[in-house]
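No value in this document is a laboratory result; all are computed from the given coordinates. Here the structure is a predicted model, which is why all the values come from computation and not from measurement. Cβ placement follows ideal geometry from the backbone for every residue including glycine, while neighbour counts extend to all protein chains displayed.
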Amino acid sequence: MHTYTEENYLKSIYHLLEQNEQASTNDIAASLKTRAASVTDMLKKLAEKKLINYARYQGVSLTPAGQKVALGIIRKHRLWEHFLVDKLKFKWDEVHDMAEELEHISSVELINRLEQFMDYPQFDPHGDPIPNSNGEIKAQLLQPALALTQHQTGVIAAVSDHSASFLQYLEKIQLTIGKEIKVTEITDYDLCLEVTTDNKVLNISREVAKNLLIAL
């Protein structure tokens, strides 16, 4: 058994390692909104449990055991988010904090039955892949809308910003998962995009386009 704090650290390290080969103490501290000194103490404990590889000033990586724990937490988090949106009809901007609490439920049988009850969903409401019971993740080839060229078409498959304000904005302008968009114009000055979707024309900022992930 691992403590909630240990699980949160392992999950945070996993997400940081998706972007870089190693996670620094400062990166982890920023991710978890805590002090670097506290992070150092926890990293030593996780290294003693052989959940991470840690050498001071050299960054952190997960051991196979640590990765298994992290993927288990991510699996539970994303399954609960799917359940809250699909079955309990919460909005996609409301479920993150609830899933943060539910992800620490330890019963493997409960999570497996939850997955079965929902007919084995592969993605959560934000388009993130749900690891299966073996910790395997279905790879997605996605690119930010910002990388699209003029007249290119794609489908919104995920978002990289999960903040409530961003998700609420997308809901308001109806740019949600599964919507097809076509880039009709790219502004030279600031690279804002004009896109069409559902026969509507929308102008989206560079920041929004950076956080919309598109399947071509």
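Dipole of the chain computed with +1 at Lys/Arg Cβ and -1 at Asp/Glu Cβ about the Cα centre; of 166, 19, 195, farthest Cα towards the positive end is 19.
Across the chain, Cα-Cα pairs more than 27 Å apart make up 41 percent of the total. Assuming R0 = 25 Å, what is the FRET efficiency of residue 3 and residue 165, from their Cβ-Cβ distance, to the nearest 0.05? With R0 = 25 Å, the Cβ-Cβ based efficiency is 0.20.
Assuming charge only on the beta carbon of Lys and Arg (+1) and of Asp and Glu (-1), the dipole of region 143-215 about its Cα centre is about 140 debye to the nearest 20.
For region 77-196, what mean projected area does the convex hull of the alpha carbons give, in nm²?
Directional mean of the projected Cα hull area for region 77-196 stands at 8.3 nm².
For the listed peptides 6-15, 81-90, 130-139, a ranking on the average number of other beta carbons within 10 Å per residue, highest first, reads 6-15, 81-90, 130-139. Of the chymotrypsin sites (Phe, Trp or Tyr not before Pro) found in region 121-192, the ones in coil according to DSSP and having at most 16 other Cβ atoms within 10 Å of their Cβ are 189. Stretching the chain fully between residue 116 and residue 90 yields a gain of 7.3 nm (0.36 nm per residue, less the alpha carbon separation). Each residue of region 55-63 is assigned a 3J(HN,Hα), and the resulting list reads 10, 4, 6, 10, x, 10, 9, 8, 7 Hz, derived from the Karplus form 6.51 cos²θ - 1.76 cosθ + 1.60 (θ = phi - 60°), x at Gly and Pro. For the pair residue 182 and residue 21, the difference between a 0.36 nm per residue extended length and the Cα-Cα distance amounts to 54.6 nm. Considering the zone a paramagnetic label at residue 36 would reach in this model (a point 7 Å from Cα along the Cα-to-Cβ line), which residues of region 48-80 have amide N under 16 Å from it? From region 48-80, the list is 55-60. Beyond 14 Å, the tail of the calculated P(r) for region 87-148 holds 69 percent of the Cα pairs.
With a Förster radius of 45 Å applied to the C-beta separation of residue 206 and residue 107, the computed FRET efficiency comes to 0.55. Across all directions, the shadow cast by the convex hull of region 1-60 built on its C-alpha atoms averages 3.7 square nanometres. Loop-located trypsin sites (Lys or Arg not before Pro) in region 48-84 (DSSP state not H, G, I, E or B) with no more than 15 neighbouring Cβ atoms inside 10 Å: 49, 50, 56.
What is the local net charge at residue 201, summed over the other residues whose Cβ is closer than 15 Å to its Cβ (Lys, Arg +1; Asp, Glu -1)? Here the count lands on -1.
What is the local net charge at residue 41, summed over the other residues whose Cβ is closer than 14 Å to its Cβ (Lys, Arg +1; Asp, Glu -1)?
Residues near residue 41 contribute +3 overall.
Can you give me the C-alpha center-to-center distance between region 80-131 and region 172-199, rounded to a whole angstrom? Between the Cα centres of region 80-131 and region 172-199 lies a distance of 29 Å.
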